[in-house]
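Mind having a look at this structure? Questions to follow.
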Amino acid sequence: MTGAPLHPLAIRIWHWTNASLVLLLMLTAVQLRAPEVAIFGKFGNAVWLHKHAGFCAAGSFAFWLLYVVPSGAFWRHYMPRASDITGMWRQAIYYAWGMFRGARNPFSPTPSRKFDPLQKLVYILMMTLVTPLSVFTGIFFSDILFFRRCIEGLGGLRALDLLHVAAGYAFLLYTLVHIYMATTGPSVLSYFKAMIVGHDQPSERAHLRAPVALPSEPFASRGRTEEEPSD
Amino acid sequence: MMKAAKCTDCHPPHGIKSYTELSAQERIAKCTRCHGDHADRHRWLPNTALHFLHLECTSCHSPDSRKGMIFEFVRRTATGKERLRHEDLMVLFVEAAHPKASIDRDGDGIVSSQELSDFFVRLRRTAGKGVSIEGAILVTGVHHDFTATRHREKECATCHSRKAPFYDSMYLLLPSAEGGELVQVEDTVLSALPLSLSINLILLGEEKIRYSDLRRLLFSGPEGRAELLRELGLRWIDFVGLGLASLLIGLFSLHAILRWVIRP
């Protein structure tokens, strides 16, 4: 494979580190929410792991911010554009109908344009709303006495808990969607492989037919072709 | 060498407050006059200072004592928080001879979450938004043997679990002319909205939906269902979160099966 990788090494390392942390946070959260489900043995173990995995996840979020914002990747890959509104509909039709008919995915990721419009919407909500909410409410929970003014400002301990748990459930829903959608590539494992080796495998798409046209416009007319730096 | 404790060490004959009226801090202060190294000896306890704000020593060091979750009304001041006194409540509720009658409207001796919520809304309307409800885990029936220790008291899940004994023993401490009076409250106060948002105490492992909630939602009559919906309060988050997760898993399973069956 030649050219810039679809997923640079730093992003791949960040992705799998973050995925491991999110998984650990969700499993420990199950025990915190339902102590009788003793996944990690003693309740104290789950608390310790959740707290420290949370700090690592906060660091991971900080790394992501420092990586994607200064490099311009945030605006290039994550920020939805007006044209994405019709793209979302097209993408949803593909998942609900087109893929059963062997249509080609209307979006083909490139190093300069990695996410389809639905991905953009979900990722930007997760990274600018849910993750910061989860990180900051988690940090407040880590030292309730030190952050008591901030907690009172948010409406008290139970409001803080509500926000943290809501963000946790959002992560659970996101993870379910993310893992399932990762199986919808040319082969069930191709997107997983791409996130490990960095490259998509175009040859795996060869068996698919041309895209199913929607009444508004053909899929083929979409997409930018110019190459931009990979990030 | 430390002397043996006498009754009057903790119960001074000229003390003007009964034990019921003492806050967790005031109760701890009695022990720490002799056991001043309590903070150092509890370094193993995560969030030590936070625990000592909401617990008294005998919550653990008298395993056979009866424990309860005690709530009281407090008001934010420039220097911190202060309890509402009997006079404060009587000025607010002149229509009743005793605040208890203003809260326990049906007179059954137990304050429901709805009754406490109604009272608290009126209290806030009159006394301002600085009023909130503080909570603590305190001994409500003492067993005076403080030498017994059990390993179980060091297990977090002894208290951080729905099975913790104080969930069956929850009281509101009402200031009265004679001192303080404990009035039993329903455990639903911890999740009832908007009341529970004003309670400044939360324990990990405290709130979640139970299988019985699901059964009540599905199989109880309209009245039982309406009551459950009222009581669920903050626990709605579990219903919504787990419901949506189940829906997604179902949809994705169907989608995956269709992908496998209708392979183009």
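Mind checking which aspartates and glutamates have their C-alpha under 12 Å from A:Lys42, skipping anything on the same chain fewer than 8 residues away?
B:Glu155
Pull up the cross-link candidates among the aspartates and glutamates for A:Lys193, meaning alpha carbon to alpha carbon under 17 Å and not fewer than 8 places away within one chain.
The reachable aspartates and glutamates, counting only those whose Cα sits under 17 Å from A:Lys193, are A:Glu204.
Using only the alpha-carbon atoms, how far is helix B:222-232 inclined from the longest principal axis of chain B? Give it as 0 to 90 degrees, nearest 10.
The angle comes out at about 60 degrees.
Taking θ as phi - 60°, what are the ³J(HN,Hα) couplings along region A:77-93 by the Karplus curve (6.51, -1.76, 1.60), each to the nearest whole Hz, with x for Gly and Pro?
9, 9, 6, x, 10, 4, 5, 6, 4, 6, x, 5, 4, 5, 5, 5, 4
Where both partners of a DSSP beta bridge lie in region B:1-138, what percent of those bridges are antiparallel, to the nearest 5?
About 90 percent, rounded to the nearest 5.
For region A:75-209, just say rounded, prolate or oblate: build the C-alpha gyration tensor, square-root its eigenvalues into a ≥ b ≥ c, call rounded for a/c under 1.5, and beyond that prolate if a/b exceeds b/c, oblate if not.
In terms of gyration-tensor shape, prolate.
Can you give the angle from 0 to 90° between the axis of helix B:236-261 and the longest principal axis of chain B, with both taken from C-alpha atoms, to the nearest 10?
The helix B:236-261 is inclined about 20 degrees to chain B.
Also, I was wondering about something else. Just to confirm the filter: which trypsin sites (Lys or Arg not before Pro) across region A:23-58 are DSSP coil and have at most 15 other Cβ within 10 angstrom of their Cβ?
A:Lys42
Quick one: order A:Phe147, B:Phe119 by neighbouring beta-carbon count within 10 Å, fewest to most.
The order, fewest Cβ neighbours first, is A:Phe147, B:Phe119.
As a test, work out the antiparallel percent of DSSP beta bridges whose residues both lie in chain B, rounded to the nearest 5.
70
Separate question: Each residue of region A:153-163 in turn: what ³J(HN,Hα) in whole Hz from Karplus with 6.51, -1.76, 1.60 and θ = phi - 60°, glycine and Pro shown as x?
Along region A:153-163, the couplings run x, 7, x, x, 4, 6, 5, 4, 4, 4, 5 Hz.
I would also like to ask the following. Please check chain B for the longest run free of trypsin sites (Lys or Arg not before Pro) that are loop-located per DSSP (anything but H, G, I, E, B) and have at most 10 other Cβ atoms within 10 Å.
B:130-264
On to the next question. How would B:Trp44, A:Trp14 line up from fewest to most surrounding beta-carbon atoms within 10 angstrom?
B:Trp44, A:Trp14
If amide H atoms are built 1.01 Å from N in the plane of the peptide, which residues on other chains or at least 5 residues away come under 5 Å of the amide H of B:His98?
none
Okay, next question. Only bridges whose two residues both fall in the protein assembly as shown count here: according to DSSP, what percent of them are antiparallel, nearest 5?
Values: 20 of 28 bridges.
Of all bridge pairs located within the protein assembly as shown, approximately 70 percent are antiparallel.
Continuing with the same structure: Quick one: Karplus J couplings for region B:193-204, per residue in order, coefficients 6.51, -1.76, 1.60, θ = phi - 60°, nearest Hz, x for Gly and Pro?
Going residue by residue, I get 9, x, 3, 5, 5, 8, 8, 8, 7, 9, 10, 4 Hz, with x marking Gly and Pro.
Using a 10 Å cut-off around each Cβ, can you sort B:Ile249, B:Ile70 from fewest to most neighbouring Cβ atoms? List each step's numbers first, then the result.
Numbers: B:Ile249 12, B:Ile70 26.
In increasing order of surrounding Cβ atoms, one gets B:Ile249, B:Ile70.
Ok, one more. Quick one: which residues, 5+ away or cross-chain, put their amide H under 5 Å from the amide H of B:Gly15? H built at 1.01 Å from N.
none
What's the long-distance tail for region A:25-131, i.e. % of Cα pairs beyond 20 Å?
Counting every Cα pair in region A:25-131, those more than 20 Å apart make up 58 percent.
In a GNM of chain B with a 10 Å cut-off on Cα contacts, which of B:Gly130, B:Gly80, B:Gly68 has the highest mean-square fluctuation?
The residue that fluctuates most here is B:Gly80.
Separate question: In Å, what is the Rg of the alpha-carbon atoms in the protein assembly as shown, and how long is Dmax?
28.5, 92
Helix-derived [θ] at 222 nm for the protein assembly as shown: sum -39500 (n - 2.57) over DSSP H runs of at least 4, divide by residue count, nearest 500?
After summing the helix terms and dividing by residue count, I get -14500 deg cm²/dmol.
Given a Förster radius of 35 Å and the C-beta distance between B:Thr32 and A:Phe192 as r, what FRET efficiency does 1/(1 + (r/R0)^6) yield to the nearest 0.05? The partial results should precede the final answer.
On the way: r = 57 Å, r/R0 = 1.64.
With R0 = 35 Å, the Cβ-Cβ based efficiency is 0.05.
The numbers here are math on the coordinates, done by the rules we state, and not lab data. Everything numeric here is computed off the predicted structure, so don't read it as measured data. Counting neighbours? That spans all protein chains shown, and the Cβs are built from the backbone with ideal geometry, glycine included.
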